[in-house]
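Remarks on the structure that follows.
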There are 2 protein chains.
Amino acid sequence: MARRERKINRQQRSAGLAQRPFAKVRNPYPYMEILSSDQIEAIHAASLKVLRDTGMNFLLPEAVEILRAAGADVDPDGVRVRFDPAFVEEKIRTVPSRFELHARNPAHNVTVGDDWTVFMLMGSAPNATDIDSGRRTGNFADYLNFIRLGQSINICHTIGGYPVEPVDLPVTTRHLDAIGAMIRLSDKVLYGYALGTERMADAIELARIARGIDHETLLSEPSVMTVVNTNSPLQLDRPMLQGMIEMARHNQPVILTPFTLAGAMAPITIAGALVQQNAEALAGMVFSQVVNPGAPIIYGSFTSNVDMKSGAPAFGTPEFARSLLASGQLARRYGVPWRGSNVNASNAADEQATYESMMSIWPCMLAHCNMVKHSFGWLEGGLAVSYEKVILDAEMLQMMAAFFEPIETDADSLAIEAIDQVGPGNHFFQSPHTMSRYESAFYSPILSDWQNFENWQDAGSVEATQRANRIWKSLLETYEEPPIDPAILAEVDAFIARRKEEGGAPPL
Amino acid sequence: MARRERKINRQQRSAGLAQRPFAKVRNPYPYMEILSSDQIEAIHAASLKVLRDTGMNFLLPEAVEILRAAGADVDPDGVRVRFDPAFVEEKIRTVPSRFELHARNPAHNVTVGDDWTVFMLMGSAPNATDIDSGRRTGNFADYLNFIRLGQSINICHTIGGYPVEPVDLPVTTRHLDAIGAMIRLSDKVLYGYALGTERMADAIELARIARGIDHETLLSEPSVMTVVNTNSPLQLDRPMLQGMIEMARHNQPVILTPFTLAGAMAPITIAGALVQQNAEALAGMVFSQVVNPGAPIIYGSFTSNVDMKSGAPAFGTPEFARSLLASGQLARRYGVPWRGSNVNASNAADEQATYESMMSIWPCMLAHCNMVKHSFGWLEGGLAVSYEKVILDAEMLQMMAAFFEPIETDADSLAIEAIDQVGPGNHFFQSPHTMSRYESAFYSPILSDWQNFENWQDAGSVEATQRANRIWKSLLETYEEPPIDPAILAEVDAFIARRKEEGGAPPL
C-alpha cells in the first residue's frame, strides 16, 4: 500500500463516525439566478461609478504607490484612490477562474472555482461554547479541539482560520503556535491571517515547510489562504493591505470580503449594499492583480442586514439569502471564484441556529458558492464557535453533498420490471431489485435519529443537540494525529523557535 | 368600512403577533430543474408502460365500470385496469392548470397552480404534542386549538385536514363535528376526507352552506379539498374512489398522492419510485377526468425513502429533496398543479426537525410547489402534530415569503449617491437614505431572537422551541373566532344535527 493511501485510510478510521469519505464536492445542477442580466449590469455599472467618483481609501502608503504607478488616480491626501472603469475591467481580467489549493496531505487538496464547493471550518470566533460548560473566552485548549474536529470530519474540507481566538497565547507569537498546531493536528489546507507583513510571511513559510516543497513550487501551488476584510465602507487598512501584498507576491489566494452590513456599513437597500460590496471587491481584485497579475483572489460576499431595532447584525435572513444568490451571479459575471458563509445570529445551537444556517447553506449551494466560510460551528453572528453546532453543520452539509448526486435514469433505475414483478398491493422489501441495492441506496445520517417515538423515548428522549454533544466527544476521544514526516515536523518546530527568538511579529 | 374589510382587520388584530399580513405567495424566480428533459421523458414513458402492461387495481366496482365505459382495458378479475398510453395522454388534457379555492372569507381565497404556493396546516396526525405536556392521543380539544392556531397564523393559507385525529369523537359523526368546528373557528379554505361517499358529500355540502352559495355556484367555485392516497403500489381503495367520484362530480379539487416510499411501497431507486408515483398520479388524473372532464386535480408527490435498517419512513432526506424537484418537473410537463410537503422524521421539535423541514421547504420552493401540505406542525414522520413546530414552521415559511420579494434595482435602491455622501470609513446609520427606509427595510422575525448574548442570557437563555411555546400560548390567549353570518351558522348547525339524527356516515 502506498504511503499516501495508508495516510488516507488511517485518517478515515480515526474519525470514529460512520461518515461519508473525504471528497471534493461539485454541484451538477444549474445555477439559481434571481437577478436579470440587466440588473447585474446595473449593479456592475453602479459599482464602477462608485470607484470612479467616490473611490476607496487605501491606508498603506506602499499600496497607494503601487496603484499610482499602475495608473490609478490618487487624491492629494495620498489615501483616496479613484479608478477609471476601463482600468478596472482591464486589471481584473487576469484573476484566475479556478485553482487548486494544496494540503500537506495531497488527498485533502481542494479545487476552488467553477462548480466546486469547499466547506471551511469556522474562523475567528472570540468565544467557544458547548452545552456542558457554556461559553468562555477563546483559549488554546479549545482551539486545539476544534482543529481536531475539523480534521476528523470528512465533509470539512479545510481549516478556516483560528476556529476560536487563543487569547491566552501572547499576541506577538500567537500565529506561530496557532499555525504550528494546525500543521500538527490536521493535514488539510492551512489558513493564515493578513495581520501585517510578518504574520502573513510566517504563515506562507510554514505552509511551504509543512508541504516539504521549495519556494518555486510554492509559487505555482497555492498552499495557504487568508481573508482580507475591507473596513466598509470603501476602505482597506494597513495590516490587511500588507497581508494582501505578501500573499499576492507569493501567488497565494486571498478571499477579499467586503463587510457590507446593509443599514450600518453599507446602504440599507440590498441593491445598494451589493453595489458597495461589488465596488470594494473589484478594488481588491484590481490591487491584487496590480501586485501580481494572475494571483488567485476570491470574490467575498458577506452582505447581510442589521436588526434596525438594536443595530445588531442578522444572518441567515431572507435578505442574506438573496444577497448570496446575487453575489454568485456577480462573481460569475467576472468569471472569478466566490465565497459565501454558513452563518446565523442565534445565541444557542438551537432551532434558530439551524434554520438560519439553512437559509445560508441553501442559497450558497444554489448559487454554486466556491468557498463556504464558517461552514462548521458558527453561532451568535460570529462571536462564538459551538462544539455541537460543528456536528449539526456536518450533518446538514453531508446532506447537501448527497443532494448533489444526480438521479440515475438508466433502465434498471427506472425499475419497470421490478414494479411489474411486485405488482399492485404488494411491497418491495424483499424484491431482488431492493435486495441488490439496499445497503447503499440512501443517505445515511450521522446525527439524525429515525427510530420510532417509543424507542426514542425508551432511549432517553435525546434531542439533536444533545446527540451532537455525544458525537463531538466521541470524535475527540477517537482522534489520532495525522502522520507527518518527522523531518518536516522538526523543520516546522525549528522555524517557530527561531521566529519566537526573533520576537515574533509586532502587536498591531 | 365594508364588512369584509372589518373582518380582515379583526382577524389580523386577533393574531396577537407582529406577523406579515395574510397574502398569497408567488415565486418570481426561475424553476430549479435537476433532471434533463430526456430524463423526464424517460420517466414519463416508463410510467405509461407500467400503466399499459402492469396496470392498476381499482377496488370499487363502480369506478371500474366508469373506466371500462370510457375505454380502459379491464382484467377478467374486474379489479385490474390497464391504460393505453394514448388514452392517458388524451384524458389528462382537461386537467386545469390553475384554479381558485374559495374560503368563506373571500380575503382568504387562494390560487392553486402556476407560480402560486399555498401553505396548508398539518393534517391527519394521530397524536398531539407540546413541550409542557408531552405526547397524547389525538382528541377534540387539541384539534380545536390547532384549528385556532391555523386561523391565527397569517402565513398559514388553508386548513389541511384534521390537524390531529379527534378519536374521542364517534367515528360515524366525527366528520360532522370536525368540519363544523373548522367552519366556526376558521374562515380559511376547508378540507374534508375521502372516506366513502357520505363523508365526502357531507363535507361538500357543509362547504357550500358555510359560503352561503347555491349548488350551481359551488360547481364553478371549488370550496373544499381532499387528499386521495393510493395504496401503493398501484392500487386505489374503495372509500378513496368513492370520495374521488363525489369530489369530481362536484368539481371540487382532489390532491392525488401516491404513497411511494422507496424501498417499501415503491422501488428502492429514486427514478423507479418516481416512475411508480407518476403512473399512479396519471391513473388518478385519468379517473378524475373520466368522471368529470375539467375537474380540478392536483399531482401529489410524497416520494421519500425508508430507513433500510428499521423500515421506518425518512423525510427531509437528500432523496426526498431530489424527488420533490423531479416531481415539480413532472407536474409541469403535464401542466398541472402539484403538491409537496414540509416533513421530517424527528421525534421532537428540535434541530433535526428543523433541518429536515428545511430540506423539504427549500426544494418545494425551488420547484414552485403549488400546495405544501403539512406546512405547520408535522413531526415523527406524521405521527404527531406539535404546537411548537407550528411556530417554527411559521417563521421558516414567512422567511420564504420574504425571500420571494425581488431585489429592486432602481436608481434610489442602487444608492450611488448615498454611498458617495457617506464616503469611505463612515457609517450609514444616520444617512437620509437609511432614515427614509429603516422601518420596513428588512424582514422582521416572529421567533428569531437577535439580541446579543449578554441580553439573551439575562433574559433567561430562552431557546427557540421554548420561545415558540410562549408564542402559541399567546396566540391561543388572544384568539377570537372570525365573524360569521348567524343565519349561516344556524344552517351549518341544523345540517349537522340532521345528519347526526340520520346516523352520520357508516364506519369504514
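Remarks
- Hull shadow area, averaged, region A:159-308 [alpha-carbon convex hull, nm²]: 9.4 nm²
- For chain B, averaging the sequence separation of C-alpha pairs within contact (under 8 Å, six or more residues apart) and dividing by the residue count gives a relative contact order of 20 percent.
- Inter-label distance, B:ALA490 to B:ASN426: 7.0 nm, where each label sits 7 Å from its Cα along the C-beta direction.
- In units of the rule-of-thumb radius 2.2 N^0.38 Å, region B:208-287 shows an alpha carbon radius of gyration of 1.31.
- Against chain B, whose longest principal axis comes from its Cα atoms, helix B:387-403 is set at around 80 degrees.
- Computed over protein heavy atoms with a 1.4 Å probe, the accessible surface of the protein assembly as shown works out to 32 Å² per residue.
- Cut-off 9 Å between beta-carbons: net charge of the residues surrounding B:HIS433, Lys and Arg +1, Asp and Glu -1: -1
- Occluded residues from region B:253-297, i.e. those whose accessible area drops by 40 Å² or more once the chain is not alone (1.4 Å probe): B:ALA264, B:PRO267, B:ILE268, B:THR269, B:ALA271
- Helix axis angle, A:318-334 relative to chain A longest principal axis, alpha carbon, degrees: 70 degrees
- DSSP bridge orientation in the protein assembly as shown - percent antiparallel, rounded to nearest 5: 40 percent
- Listed residues A:HIS215, B:HIS250, A:HIS108 arranged by accessible area, highest first, probe 1.4 Å: A:HIS215, B:HIS250, A:HIS108
- Environment charge at B:LYS309 (Cβ cut-off 13 Å; Lys +1, Arg +1, Asp -1, Glu -1): -3
- Chains B and A, summed buried accessible surface - 1.4 Å probe, Å², nearest 100: 9400 Å²
- Mean projected area of the convex hull spanned by the Cα atoms of region B:37-92, taken over all viewing directions: 4.0 nm².
- A cut-off under 10 angstrom between Cβ atoms defines the neighbours of A:GLU221, and their net charge, with Lys, Arg +1 and Asp, Glu -1, is 0.
- With R₀ fixed at 41 Å, the C-beta to C-beta distance from B:TYR31 to A:ASP75 puts the FRET efficiency at about 0.25.
- Helix A:351-366 and the longest principal axis of the Cα set of chain A meet at an angle near 70°.
- Residues B:ARG238 and B:ASP84, FRET efficiency given R0 of 30 Å [Cβ-Cβ distance, rounded to 0.05]: 0.75
- Only protein heavy atoms count here; under a 1.4 Å probe, B:LYS49 has an accessible surface of about 100 Å².
- Peptide B:466-475 is shielded by partner chain Cβ atoms: per residue, an average of 1 of them sit within 10 Å of its Cβ.
- Convex hull volume per residue for region B:15-112, taking Cα atoms only, in Å³: 204 Å³
- Taken over the C-alpha atoms, chain B has Rg and Dmax values of 23.6, 83 angstrom.
- Peptide B:374-381 has a mean shielding of 1, counted as Cβ atoms of other protein chains within 10 Å of each residue's Cβ.
- Working value for the protein assembly as shown: equivalent-ellipsoid semi-axes of 53, 31, 26 Å, each the square root of 5 times a Cα gyration tensor eigenvalue, largest first.
- If both residues of a DSSP beta bridge must be in chain B, then about 40% of such bridges are antiparallel.
- Label point distance in nm, B:GLN466-B:LEU219, each placed 7 Å from Cα along Cα→Cβ: 5.9 nm
- Shielding of peptide A:398-411 by partners, expressed as the average count of other chain Cβ atoms within 10 Å per residue Cβ, is 6.
- The distance separating the Cα centre of region A:19-96 from that of region A:142-202 comes to 28 Å.
- The simple Förster model, with R0 at 45 Å and r as the Cβ-Cβ distance, assigns A:LYS309 and B:ASP38 a FRET efficiency of 0.30.
- Largest to smallest in accessible area, the residues A:PHE99, B:PHE376 fall in the order A:PHE99, B:PHE376 (1.4 Å probe, all protein chains included).
- Judged by a Cβ-Cβ distance under 4.7 Å, the unpaired cysteines of chain A are A:CYS156.
- In the context of the full protein assembly, A:TYR479 retains an accessible surface of approximately 30 Å², using a probe radius of 1.4 Å and ignoring ligands and nucleic acids.
- Rough spin-label spacing in nm, given labels placed 7 Å along Cα→Cβ, for B:VAL167 and A:GLU481: 5.9 nm
- Inter-copy label distances at A:ALA490 (7 Å, Cα→Cβ; nm, one decimal): 10.2
- For region A:194-237, a decrease in accessible area of 40 Å² or greater in the assembled protein chains relative to the isolated chain, with a 1.4 Å probe, applies to A:PRO233.
- For the set B:SER440, B:SER223, the ranking by accessible area, highest first and with no ligand, DNA or RNA atoms included, is B:SER440, B:SER223 under a 1.4 Å probe.
- For chain A, carbon and sulfur atoms together expose 49% of the accessible surface, with a 1.4 angstrom probe and every protein chain in place.
- 222 nm mean residue ellipticity, helices alone, for chain B (DSSP H n ≥ 4; -39,500 (n - 2.57); rounded to 500): -13500 deg cm²/dmol
The values are calculated or read from the model by the stated rules, or taken from the named source; none is laboratory data. Since the model is a prediction, treat every value here as computed from it, not as a measurement. Note that we place each Cβ from the backbone using ideal geometry, even for glycine, and neighbour counts take in every protein chain shown. The protein model used for the area step is the full one, side chains on, heavy atoms only, and it has no ligands, DNA or RNA in it. Shrake-Rupley method; radii C 1.70, N 1.55, O 1.52, S 1.80 Å.
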